[in-house]
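Asks: One structure, as structure tokens, below. Some questions next.
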Amino acid sequence: SWDLSSTVSPWSVFSKTSSSLDLLLFEDVSGLGGKEQTQESFFHIFEELYQSNRQIVITSQTPPQSMPYLESKLRSRLEGGLIATLQPPDPPTRLLILKAKAQQLGLAAPQEALEYIAQTTPHSVRDLEGKLLRLKALAGAHGSPLTLDLAKQALRPEETEPLSPETVLAKVASFFQVSPEDLVSRKRTPRTVLARHLAVFLLREELGL
């Protein structure tokens, strides 16, 4: 385990421990974006493990061919592996997850409240756990049990303004600390290029542009 922001080279750490590694788990390869030296180190790690028939598991938000921020040789290695898409859990699975989380939290949650959360939270397990923690905090603050009415009141969907291209550009620019004008310019700094690719993806996927 290492921190990508560390000044210590991951390759120097790996070279001392490679003989004892059976499996490499790497979460969100997008963290390598714009870090050429770290990508080079990771490429050597990947090659060493691959040649030694070790298991490598990597996660990302997009498939390898949609990762312009990766060096071509590293991207080609990822494209050569088995690519599997993880879908959000279905309602019955979400309910089972909520029951297990409620038990871990020592939270007495009625079936109908958990079913409501499962039906209105179609995304990740983290979203499920976050809503359950929110309800626990609210119930504790009000000194009342967790009920279906409390769940409906606390988790009522918020009204949001319609998404527009200007909003997408402004949000992406703010996140990457660039200007909206940079996104539509010919500027080619790594940060701007990555921000531009994300903006294009969102405009296409969310607004159909």
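Asks: For Gln153 and Thr62, FRET efficiency with R0 = 41 Å and r from the beta-carbon atoms, rounded to 0.05?
Replies: Details: r = 37 Å, r/R0 = 0.90.
Given R0 = 41 Å and the Cβ-Cβ separation, E is 0.65.
Asks: Please work out how much accessible surface Ser20 shows to a 1.4 Å probe, ignoring ligands, DNA and RNA, in Å² rounded to 10.
Replies: About 80 Å², ignoring ligands and nucleic acids.
Asks: If I compute solvent accessible area with a 1.4 Å probe over the protein chains, what percent of it on segment 32-109 is carbon and sulfur?
Replies: Details: 2430 of 5010 Å².
Answer for segment 32-109: carbon and sulfur cover 49 percent of the accessible area.
Asks: Is the chain best put as rounded, prolate or oblate by its Cα gyration tensor, with a ≥ b ≥ c the root eigenvalues, rounded for a/c under 1.5, and otherwise prolate when a/b is larger than b/c, oblate when not? Walk me through the intermediate numbers first.
Replies: Details: a/c = 2.40, a/b = 1.40, b/c = 1.71.
The shape class here is oblate.
Asks: A further question on this structure: Can you tell which of Gln39, Gln104, Leu114 lies farthest toward the positive end of the dipole of the chain, using +1 and -1 charges on the Cβ of basic and acidic side chains (Lys, Arg; Asp, Glu)?
Replies: Toward the positive end, the furthest listed residue is Gln39.
Asks: What accessible area per residue comes out for the chain, rounded to a whole number of Å², with a 1.4 Å probe? Before the final figure, lay out each step's value.
Replies: Values: 14120 Å² over 209 residues.
Accessible area per residue, the chain: 68 Å².
Asks: What dipole magnitude, in Debye to the nearest 20, does the chain give about its Cα centre under +1 on Lys/Arg Cβ and -1 on Asp/Glu Cβ? Walk me through the numbers before you get to the answer.
Replies: Numbers: 22 positive and 24 negative charges, 40 e Å.
Around 200 debye, computed over the chain.
Asks: I would also like to ask the following. Have a look at Leu148, His197, Ala137 and report the one farthest towards the positive end of the charge dipole of segment 106-209, computed about the Cα centre with Cβ charges (Lys/Arg +1, Asp/Glu -1).
Replies: Farthest along the dipole direction, towards plus: His197.
Asks: Please list, or write none, the lysines whose alpha carbon is within less than 16 Å of the alpha carbon of Lys73, excluding same-chain residues fewer than 8 places away.
Replies: Counting by Cα, and skipping residues close in sequence, Lys73 has these lysines nearby: Lys35.
Asks: Ignoring solvent entirely, what values of log10 I(q)/I(0) come out of the Debye formula for segment 81-144 at 0.15, 0.18, 0.19, 0.27 Å⁻¹ when each Cα is a single scatterer?
Replies: -0.46, -0.62, -0.68, -1.19
Asks: Separate question: Going Cα to Cα from Lys152, which lysines come in below 23 Å? Please leave out same-chain ones fewer than 8 positions away.
Replies: Lys99, Lys101, Lys131, Lys136
Asks: Taking only the alpha-carbon atoms of segment 22-63, what semi-axes of the equivalent ellipsoid follow from 5 times the gyration tensor eigenvalues under a square root, in whole Å, largest first?
Replies: On the way: eigenvalues 67, 38, 9 Å².
Those come to 18, 14, 7 Å.
Asks: What distance in nm lies between label points placed 7 Å from Cα along the C-beta direction at Ile83 and Leu25?
Replies: Result: 2.4 nm between the two label points.
Asks: Sort all Cα-Cα distances of segment 66-185 into consecutive 5 angstrom bins from zero, then give the percent of pairs in each bin up to the one containing the longest distance.
Replies: That works out to 2, 9, 15, 13, 11, 11, 13, 12, 9, 5, 2, 0, in percent per bin.
The values are calculated or read from the model by the stated rules, or taken from the named source; none is laboratory data. Note that the structure is a prediction, hence the values are computed from the model and not measured. For neighbour counting, all protein chains shown are included, and Cβ atoms are generated from backbone atoms with ideal geometry for every residue, glycine included. Side chains included, ligands, DNA and RNA excluded: accessible areas come from the protein's heavy atoms. Shrake-Rupley method; radii C 1.70, N 1.55, O 1.52, S 1.80 Å.
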